[in-house]
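A.B. asks: Take this structure first; my questions come after.
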Amino acid sequence: MVTKTTKPIPSKTDKIEAGNLMEEVAEIFENCIQCGMCKSICPVFKILKEERVSARGHAILLSKKILDKALFECTLCKACEQKCPLDLKICDAVRKGREALVLKGKGLKSNEEMITNIRKTGNPFGKNIGDNPEKLYCC
Amino acid sequence: MNKNLMNVYGVDASKMKGTPLDVFLPETIDEVKRIVTTNKRICIRGGATGLAGGAVPENNVDVILDMSKLDKISNLSGEHRLVEIEAGVILDDLREYLYEFGLEFPVKPSSHMVCTIGGMIATDAVGNRAIKYGKTSHWIKWVEVIDCNGKLERKGITELSDYAGLEGITGVIVRACLKLSSVKTRTASLVKVGDLDDIVATVREYKRNTSVSMIEFLDKGISKKIGLEDTYHLIIEYEDDSGKFKGRDYDKLLAKRDEVYPLIASDGFVRIEDPKIMLDKFPKLMRWLEDRKIPTFGHIGVGIIHPCFDYNQEKCIPEMMKVVKRLGGAISGEHGIGILKKAFVEFNDKKILENVKKRTDTLSKFNMGKVI
Ligand SMILES: Cc1cc2nc3c(=O)[nH]c(=O)nc-3n(C[C@H](O)[C@H](O)[C@H](O)COP(=O)(O)OP(=O)(O)OC[C@H]3O[C@@H](n4cnc5c(N)ncnc54)[C@H](O)[C@@H]3O)c2cc1C
Ligand code: SF4
Ligand code: SF4
């Protein structure tokens, strides 16, 4: 799948799509019991010690349909999913939340730059190091 | 902090909610002092695994003082079996650090991977091993506390009761000196018990065995839910190799036990209580709970049980508290009073707590609206 780049002014369809994604995300976290067990294994929380980067933090914000750039700090490692007693699909939710942010034109500038560089030069650094691949794939 | 992000700091594991006025994440004790002197109303927060709403701020009134970044461990003395820690240290991080030296902090609530030592002292947390090691306060040499004027003071054993178990209403615990024990090799067994009266006799028998460090109870429904037979079960932990579950099997069994509450909460039984009852009164209380289909487990070795209520059953809680009091029990054995259990505190206990609060928190700054 080709990644969408950040758009400065979101179109009406982008807004609707972002709204739909937010509904899906809120549904994923509907049953979160806020036990905090997901914090115990999160590599980002371990370093930063800030609840906003933990899965419980994402759950609280996303279930209120609040999109914050803290979502981009998640490594999508899925460790929290192993600890979550409810088997919540935390990474799916984070991914969808990020997509909604991008659709709303609130993606990260650094990501946008990287994507532009990849399109231009075939690598995220923006330096020509050989032939550009014909097709670009992104996670 | 950005207003949206502040929502994250408005909850704990009790599922109660509030909106903080602001959020602070100090990294040093001096920063805590500054935050305390420059704010009028402060709600203290550790790992926010509390089940009574103690770390939930009053809407747009309290600022949150999150202690998580005060996480230094220092001055370990193997000889004296002492270690000094800052309040935000997570219990499992401390356990991991001490393991290398053959030492451990033996009190272990089921939230050990997330709860902080500060939170454990403030709630005087009890763990699965309470029959052998008692409460958190039994393992504290001193605490350092910041009072409402921002003054740092060290409080020894004689003044500890003003802070341990007072749920942060008297001051901010910033450091503590913990007593330690040596690491033990542990094993466990699962014991099936047919009826409630037999449980009393069985528990009494195991309590006589000095190598037993944990006796946990699971009711029939919970046993079934975690893959055991549809009967009552006791998990017995030994500090020698008498148990059948050893090594990884032992670890797996204990991990299963730790997950009991989150598992039944996922079925809607979110509201967990923690009455403490004399062992011989346990069957009476259990029958009352079973009649109402309230799933129950807990630290039966010390008489603390955890009935879990779904939304419709919550209306039974005041009645259960009456039953507990009638049977001579206490309304909270370990989770604390917080906001959720305030209404059940006895008049005389309330008066005592109010006096301690007046004496220690003269500016009415900390955790207002909690406990009393
Ligand atoms: C799955 C699960 C299992 C649990 N099992 C147990 C168990 O077996 N035994 C048990 O006793 N409890 C248990 N609990 C409850 C909870 O984990 C304990 O009460 C724990 O001690 C709280 O620690 P915390 O750091 O999360 O504190 P928080 O929840 O953040 O705070 C709890 C209270 O302490 C106060 N506080 C926190 N830090 C400080 C500080 N530095 N200074 C002053 N006041 C402070 C807060 O204001 C609040 O009133 C469990 C909870 C969960 C979710
Ligand atoms: S472990 Fe799961 S249920 Fe518990 S707070 Fe994290 S996401 Fe929610
Ligand atoms: S997936 Fe994200 S939130 Fe979950 S443990 Fe990994 S970094 Fe933390």
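A.B. asks: From largest to smallest, what semi-axes in whole angstrom does segment B:73-183 give when each is the square root of 5 times an eigenvalue of its alpha carbon gyration tensor? Could the numbers behind the result be given before it?
C.D. replies: Numbers: eigenvalues 92, 46, 31 Å².
They are 21, 15, 12 Å, listed largest first.
A.B. asks: Dividing the alpha-carbon Rg of segment B:3-66 by 2.2 N^0.38 Å yields what? Mind dumping the intermediate values first?
C.D. replies: Values: Rg = 11.1 Å, N = 64, 2.2 N^0.38 = 10.7 Å.
That ratio works out to 1.04.
A.B. asks: Got a sec to turn the phi values of segment A:49-62 into Karplus ³J(HN,Hα) couplings, 6.51 cos²θ - 1.76 cosθ + 1.60 with θ = phi - 60°, whole Hz, x for Gly and Pro?
C.D. replies: Once θ is set to phi - 60°, the couplings for segment A:49-62 become 6, 10, 4, 4, 8, 7, 4, 4, x, 4, 4, 4, 5, 5 Hz.
A.B. asks: Obtain the radius of gyration and the Kirkwood radius of segment B:163-224 from its C-alpha atoms and give Rg over Rh.
C.D. replies: Details: Rg = 18.1 Å, Rh = 15.8 Å.
On the Cα set of segment B:163-224, Rg over Rh gives 1.15.
A.B. asks: Explain nothing, just compute: Karplus ³J(HN,Hα) = 6.51 cos²θ - 1.76 cosθ + 1.60, θ = phi - 60°, for every residue of segment A:9-14 in order, whole Hz, x for Gly and Pro.
C.D. replies: Going residue by residue, I get 10, x, 7, 4, 5, 4 Hz, with x marking Gly and Pro.
A.B. asks: Another one. If exposed GluC sites (Glu not before Pro) are those in a DSSP loop with at most 10 other Cβ within 10 Å, what is the longest stretch of chain B that has none? Mind showing how you got there, number by number?
C.D. replies: Details: sites that count: B:Glu79, B:Glu100.
Excluding the exposed sites themselves, the longest stretch runs over B:101-372.
A.B. asks: Compute for segment B:233-372: radius of gyration divided by Kirkwood radius, i.e. Rg/Rh, restricted to C-alpha atoms, rounded to two decimals. Let's see the in-between values first.
C.D. replies: Numbers: Rg = 17.9 Å, Rh = 17.1 Å.
So for segment B:233-372, dividing Rg by the Kirkwood Rh gives 1.04.
A.B. asks: Turning to a different aspect of this structure: Using modelled backbone amide H atoms (1.01 Å from N, in-plane), which distant-in-sequence or interchain residues come within less than 5 Å of B:Val89's amide H?
C.D. replies: Counting only residues 5 or more places away or on other chains, the set is B:Ile117, B:Gly118.
A.B. asks: Using the structure shown, select from A:Lys39/B:Lys3; B:Lys155/B:Lys276; B:Lys256/B:Lys276; A:Lys69/B:Lys342 the pairs with a Cα to Cα distance greater than 30 angstrom. Before the final figure, lay out each step's value.
C.D. replies: Working: A:Lys39/B:Lys3 22 Å; B:Lys155/B:Lys276 28 Å; B:Lys256/B:Lys276 23 Å; A:Lys69/B:Lys342 38 Å.
Checking Cα-Cα distances, A:Lys69/B:Lys342 exceed 30 Å.
A.B. asks: Quick one: 3J(HN,Hα) in Hz for segment B:224-236, Karplus 6.51/-1.76/1.60 with θ = phi - 60°, rounded, Gly and Pro as x.
C.D. replies: Taking θ as phi minus 60°, the curve returns 5, 4, 9, x, 9, 5, 7, 8, 6, 10, 10, 9, 10 Hz for segment B:224-236.
A.B. asks: Tilt of helix A:109-121 relative to the longest C-alpha principal axis of chain A, in degrees (0 to 90, nearest 10)?
C.D. replies: The two axes meet at around 40 degrees.
A.B. asks: Could you please state how large a percent of the accessible area of chain B is carbon and sulfur, counting protein chains only and using a 1.4 Å probe?
C.D. replies: On the way: 7680 of 15370 Å².
Of the solvent-accessible surface of chain B, carbon and sulfur hold 50 percent.
A.B. asks: How big is Rg to Rh over segment B:269-309, alpha-carbon atoms, Rh as the Kirkwood inverse-mean-distance radius? Display every interim value, and only then the final one.
C.D. replies: Details: Rg = 9.4 Å, Rh = 10.1 Å.
Here the Rg-to-Rh quotient is 0.94.
A.B. asks: Something else about it: With all distinct Cα pairs included, what does the Kirkwood hydrodynamic radius of segment A:12-106 come out to in Å, to one decimal, could you say? Could the numbers behind the result be given before it?
C.D. replies: Details: mean 1/r = 0.0764 Å⁻¹.
The Cα-based Kirkwood calculation yields 13.1 Å.
A.B. asks: Hey, which of these cross-link pairs are over 26 Å Cα-Cα: B:Lys220/B:Lys252; A:Lys104/B:Lys17; A:Lys12/A:Lys64; B:Lys179/B:Lys341; A:Lys83/B:Lys15; A:Lys83/A:Lys104? Provide the component values of the computation, followed by the final result.
C.D. replies: Numbers: B:Lys220/B:Lys252 20 Å; A:Lys104/B:Lys17 28 Å; A:Lys12/A:Lys64 22 Å; B:Lys179/B:Lys341 31 Å; A:Lys83/B:Lys15 19 Å; A:Lys83/A:Lys104 31 Å.
Flagged as over cut-off: A:Lys104/B:Lys17; B:Lys179/B:Lys341; A:Lys83/A:Lys104.
A.B. asks: Here's another thing I want to ask about it. Which three semi-axes in whole Å describe the equivalent ellipsoid of chain B, each the square root of 5 times a Cα gyration tensor eigenvalue, listed largest first?
C.D. replies: On the way: eigenvalues 222, 126, 67 Å².
Largest first, chain B gives 33, 25, 18 Å.
A.B. asks: Right, here's the next one. Convex hull volume of the Cα atoms in the protein assembly as shown, per residue, in Å³?
C.D. replies: Numbers: hull volume 91.8 nm³, N = 511.
With only Cα atoms used, the protein assembly as shown gives 180 Å³ per residue.
A.B. asks: Cα convex hull of segment B:227-297: how many Å³ per residue? Can you show the working numbers first?
C.D. replies: Working: hull volume 9.4 nm³, N = 71.
Enclosed volume per residue, from the Cα hull, is 133 Å³.
A.B. asks: Would you calculate a helix-derived [θ] at 222 nm for the protein assembly as shown, using -39,500 (n - 2.57) for each DSSP H run of n ≥ 4 and dividing by the full residue count, to the nearest 500?
C.D. replies: Details: 18 runs with 169 residues, N = 511.
Value at 222 nm, helices only, nearest 500: -9500 deg cm²/dmol.
A.B. asks: Right, next: For segment B:284-344, state which trypsin sites (Lys or Arg not before Pro) are in a DSSP loop and have at most 14 other beta carbons lying within 10 Å of their beta carbon.
C.D. replies: Working: sites: B:Lys284, B:Arg287, B:Arg292, B:Lys293, B:Lys315, B:Lys322, B:Lys325, B:Arg326, B:Lys341, B:Lys342; in loops: B:Arg292, B:Lys293, B:Lys341.
Hits after loop and neighbour filter: B:Arg292, B:Lys293.
A.B. asks: Next up: Within the protein assembly as shown, what percent of beta bridges assigned by DSSP are antiparallel, to the nearest 5? Could you put the intermediate results ahead of the total?
C.D. replies: Details: 47 of 56 bridges.
Bridges in the protein assembly as shown that DSSP calls antiparallel: roughly 85 percent.
The values are calculated or read from the model by the stated rules, or taken from the named source; none is laboratory data. This structure is a prediction, so every number in the text was calculated from the model and none was measured. Methodologically, a virtual Cβ is constructed for each residue, glycine included, from the backbone with ideal geometry; neighbour enumeration extends over all protein chains shown. Keep in mind that these areas ignore ligands, DNA and RNA; they rest on the heavy atoms of the full protein, side chains included. Shrake-Rupley method; radii C 1.70, N 1.55, O 1.52, S 1.80 Å.
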